[in-house]
1. Consider region 200-215. How many of its residues are open to solvent by less than 30 Å² (accessible area, probe 1.4 Å) and in contact with a Lys or Arg (Cβ under 9 Å, 6 or more places away or on another chain)?
2. Would you mind finding the one in Lys334, Lys323 that is within 38 Å of the chain's Cα centre (by Cα), surrounded by 14 or more Cβ atoms within 10 Å (Cβ to Cβ) and not in a helix (DSSP H, G or I)?
3. Out of the residues in region 338-348 that are open to solvent by 70 Å² or more (accessible area, probe 1.4 Å) and assigned to a loop (DSSP other than H, G, I, E, B), state the one that is nearest to Thr261 (Cα to Cα).
4. Asp312 - would you say it is in a loop (DSSP other than H, G, I, E, B), open to solvent by 70 Å² or more (accessible area, probe 1.4 Å) and farther than 30 Å from Asp170 by Cα?
5. Consider Tyr251 against the criteria (1) in contact with a Leu (Cβ under 9 Å, 6 or more places away or on another chain); (2) within 22 Å of Tyr145 (Cβ to Cβ): it satisfies all of them except one. Which criterion is unmet?
6. Tell me which of these Gly227 doesn't satisfy, since it passes every other one: (1) more than 13 Å from the chain's Cα centre (by Cα); (2) buried (at least 21 other Cβ atoms within 10 Å of the Cβ); (3) at positive phi.
7. Being open to solvent by 40 Å² or more (accessible area, probe 1.4 Å), closer than 30 Å to Leu349 by Cα, of a type outside the set (Val, Ile, Thr) and not in a strand (DSSP E or B): is that true of Glu195 here?
8. Here are the criteria: (1) over 21 Å from Tyr105 (Cα atoms); (2) open to solvent by 10 Å² or more (accessible area, probe 1.4 Å). Tell me which single one Arg157 does not satisfy.
Amino acid sequence: MPDGDDCLNCDEEGWYWFAKDGKVYRDAKQKKIDGKYYYFNEHGQMLYNWIIASTSGTTTKDDDKNYKDNEDNGANIGAISDMEYAFNVDKGWRVNGWLQVDGSYNMERENDEDWYFFDDGEPEFAAVTTDDKNNVGTLLKTEGYAVNDASDGWRYRAKIKVEGKWFCFDEDGRMKTGIQAIRDGGDYEVYYFDESGFLKTGKVSNVELDNGETANFYFETNNSHKGRGVTGEENGYLYYKGMRLEAEDDYEFYALPTGKTSEPYDYYLVNTNGKIQKGTGNNGKKIDPEKIENADYDIVNIIESDSKFDSDKDIDDYNVYVKTGNTGKIDWVKAATSTTVTADKKIDLTLKVKDGADTDADSRFVTRADDREDVDFGWED
């Protein structure tokens, strides 16, 4: 057997398998023994825990050899796809299923304990591909988030079904929990995975975001989009990518993206619970303008500075009327001292409220759901 000083890929003592003719098994492929599979290096010593496997053919060592994952062997190749896992030396066979272990030296995760799922020794992970289909980090970076998985903003996430359940994994194979953004083409969807990693559906309250804030969410329950954050109305409440859109104190106007070029936003009014305020009658819903908090309650200044403002009246004499359809989507917004005043006395606020196309959050009146300056998901890591 090799001297440990001459083999960085060996322990000083280890397990070997001998054939009936007395020859030690030295092939780096997996060896099936008594119904279980084991890994061996070129010297015949059984490898265990994280292993840089021979199947990749991409190590900085010779091809078609298995290598022990340690800080000395120099075979760092930086890809989870080249790694496999076997139980500790007292067992040694390859792992199938869930295991909570320290990460590998090869992935520079040796001090981080996480949950991994192994299928015939191979970990599940979010694949790093040339088309970046799992790289949600580039999308989050364009929204202004300081994603720090890597200095260039890369963050890989994939929703993968194992043992009949959906879980989230990153590019290093670590199971992820909490709110997760997962790329879907040129956009991303939002999902929630509980502390055990299970994908959640329906209402989830008081979710802690990465930035320390909390929010309420609702996730699809149907099979075709199960777990995806809802955008739009759900049970009378307004959501964007699952997050419930709420007023902080009284009422707030929100612009919700539609994906349509002709009408890029739909507009809604919600209260502090995120309940959509509907005004389907001829005069709409009456709201005290001093309770509309957009742009620091700027609607008061907008009304008072309008040429139709009655100088003999006070802002306390005015109400805002919000006309909506049955879903709460806003048709028009007007201010007047009563519903019976003539049209030339009514102040039309519709265009001011529907200014979602303004990209400057500081000058925009409406709160835009797809602008991080207005609605912050806290995508920090």
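1. Step one: list which residues in region 200-215 are open to solvent by less than 30 Å² (accessible area, probe 1.4 Å), which gives 202, 204, 207, 209, 215.
The next check asks that each one be in contact with a Lys or Arg (Cβ under 9 Å, 6 or more places away or on another chain); those that pass are 215.
So the answer is 1.
2. Values: Lys334 fails: within 38 Å of the chain's Cα centre (by Cα).
It is Lys323.
3. Our first condition is that a residue be open to solvent by 70 Å² or more (accessible area, probe 1.4 Å); within region 338-348, this holds for 340, 342-345, 348.
This time we only want the ones that are assigned to a loop (DSSP other than H, G, I, E, B), so: 340, 342.
Numbers: Thr340: 37, Thr342: 35 Å.
Checked region 338-348; the qualifying residue nearest to Thr261 (Cα to Cα) is Thr342.
4. Numbers: in a loop (DSSP other than H, G, I, E, B): yes; open to solvent by 70 Å² or more (accessible area, probe 1.4 Å): yes; farther than 30 Å from Asp170 by Cα: yes.
The answer is yes for Asp312.
5. Evaluating Tyr251 over (1) in contact with a Leu (Cβ under 9 Å, 6 or more places away or on another chain); (2) within 22 Å of Tyr145 (Cβ to Cβ) leaves (2) as the failure.
6. (1)
7. On the way: open to solvent by 40 Å² or more (accessible area, probe 1.4 Å): yes; closer than 30 Å to Leu349 by Cα: no; of a type outside the set (Val, Ile, Thr): yes; not in a strand (DSSP E or B): yes.
When the stated conditions are applied, Glu195 does not pass them.
8. (2)
The values are calculated or read from the model by the stated rules, or taken from the named source; none is laboratory data. Just so it is clear, the model here is predicted, and its values are computed rather than measured. All Cβ positions, even for glycine, are placed from backbone atoms using ideal geometry, and neighbour counts span all protein chains on display. What goes into the accessible areas is simple: the full protein's heavy atoms, side chains included, and nothing from ligands, DNA or RNA. Shrake-Rupley method; radii C 1.70, N 1.55, O 1.52, S 1.80 Å.
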